[in-house]
Amino acid sequence: MTTSISWPSRLPLPTFEGYGIEPQDAVSRTDMEAGAARQRRRFTAVPTRIPVRWRFSANEFALFEAWFHWMAEDAAGWFAISLLGGIGMVAHEARFLGGSSPYKAQPRRGGRDGGVTWITTAVLEVRQRPVMSGDVLQLVFEEDPAALMAAVARAHDVIHFVLPGTDISGLRRAADGLHSAVQSVLSDLRPRS
């Protein structure tokens, strides 16, 4: 990520209500006089719009307004924020979609401690949505997920239990990362009841 600005940790992340992922068009289409139209990919870093909604207390909304003005530069600046996507909650580089109204805030009665709750909606523009790499996708398609998970678990056990005390800290971190990534991918592949 190229931005040094982050979503404030004292503010809540967006709620599920109103949340969505809207990839923008990355294809150029040319209609032909005869036959099928031609389509080609214009670019690989496809911008995505993500409608979001927050529930802020009065104090949180005051903090949001100040952060939006000073840190997000009234919607001109990019910032890092954790957002939900196909691979889970991951950091995205986003900015508020500019225009006449970069966000909309409506006060509601009955907030925490009997105060006001601010329902705030906006559309975030994400530079490039994090997705599973092509190598991981190919691995998942080519291998038996259960066998792959078992192999990763065995490698994890060897690194953490068979070789303890050996200076292989980098290898341990890599195995932990691989183990977590494969578990995440395989949990998405398991049938849900």
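The values are calculated or read from the model by the stated rules, or taken from the named source; none is laboratory data. All figures in this text were calculated on a predicted structure; none of them were measured in a lab. When we count neighbours, we look across all protein chains shown, and the Cβ atoms used for this are built from the backbone with ideal geometry, even at glycine.
Remarks
- Residue list for the stretch 86-100, restricted to those being more than 25 Å from VAL136 (Cα to Cα) and either of a type in the set (D, E, K, R) or modelled with pLDDT under 90 (or both): ARG95, GLY98, GLY99, SER100
- Which numbered condition LEU11 fails, given (1) hydrophobic (A, V, I, L, M, F, W, C); (2) in contact with a helix residue (DSSP H, G or I) (Cβ under 7 Å, 6 or more places away or on another chain); (3) over 18 Å from GLU93 (Cα atoms); (4) part of a loop (DSSP other than H, G, I, E, B): (3)
- Residue among GLN106, GLN24, GLN128 that is of a type in the set (S, T, N, Q), closer than 19 Å to THR3 by Cα and either surrounded by 15 or more Cβ atoms within 10 Å (Cβ to Cβ) or touching a strand residue (DSSP E or B) at 6+ places or on another chain (Cβ under 8 Å) (or both): GLN128
- Residue satisfying all of: in the stretch 27-60; touching a residue at least 60 places away in the same chain (Cβ under 8 Å) and small (Gly, Ala, Ser); surrounded by the most Cβ atoms within 10 Å (Cβ to Cβ) among these: SER57
- Index of the failed condition, VAL46 passing every other in (1) under 13 Å from VAL126 (Cβ atoms); (2) β-branched (Val, Ile, Thr); (3) outside the structural domain of TRP118 (by TED's automatic domain parsing): (3)
- For the stretch 106-121, a residue qualifies if it is under 18 Å from GLU73 (Cα atoms) and touching a Ser or Thr at 6+ places or on another chain (Cβ under 9 Å), but none of them does.
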